[in-house]
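The values are calculated or read from the model by the stated rules, or taken from the named source; none is laboratory data. This is a predicted model, so every value here is computed, not measured. Here the Cβ positions follow ideal geometry from the backbone for every residue, glycine too, while neighbour counts run over all protein chains shown.
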Amino acid sequence: MKLTREHFSTLGDFSLYEMGYAHGASCSAYATFVESRFKTFPSDLESLLHAGIGISGEAGELLDCLKKSWVYGKPIDDLNLHEELGDLLFYITALADLIGTDLGQLMRDNMAKLEKRYPSGYTDADALRRADKMGEPK
Ligand SMILES: [Mg+2]
């Protein structure tokens, strides 16, 4: 069954579909899955560190995959990149949950920030201007 935008809006769930990545897994269903597989610790700091170190480790694995192509001239391993992105998503979802937010809110807030920064799409000038940070203390 091909999922459509209507399927997700019926669920009342901001999903990856909303970002154009229709694959059938809603953010809340995925977050519930991650919660069932993520090891937490007695203290919040330890759980946050677990998620943060997980993000860093998986980012390193992703970079290593790209390095193998760049340095050794191997073909880019899309399957490995796909896996590492999923691993990153796991830890990002866990960390989001630990701080009381979720992927849907992260996506909405990130879109709002980047729409302000790049009102007409990416440009180097807008990247340097950082309109979304204007008025913030440096
Ligand atoms: Mg990995």
> Just checking, which of I92, I76 is modelled with pLDDT of 95 or more and within 20 Å of H50 (Cβ to Cβ)?
Replying inline: I92
> Which residues, taken from segment 23-54, are without any contact (Cβ under 8 Å) to a residue 60 or more places away in the chain, surrounded by 14 or more Cβ atoms within 10 Å (Cβ to Cβ) and under 14 Å from D97 (Cα atoms)?
Replying inline: F38, T40, S47, L48, H50, A51, G52
>> What's the number of the only condition in (1) acidic (D, E); (2) modelled with pLDDT of 95 or more; (3) surrounded by 16 or more Cβ atoms within 10 Å (Cβ to Cβ) that E18 fails to meet?
In response: (2)
> Has segment 111-122 got any residue that is of a type outside the set (S, T, N, Q) and either in contact (Cβ under 8 Å) with a residue 24 or more places away in the chain or under 15 Å from C27 (Cβ atoms) (or both)?
Replying inline: yes
> Do you know which of the residues in segment 55-104 that are loosely packed, with under 15 Cβ neighbours inside 10 Å and among the aromatic types (F, W, Y) is nearest to F38 (Cα to Cα)?
Replying inline: W70
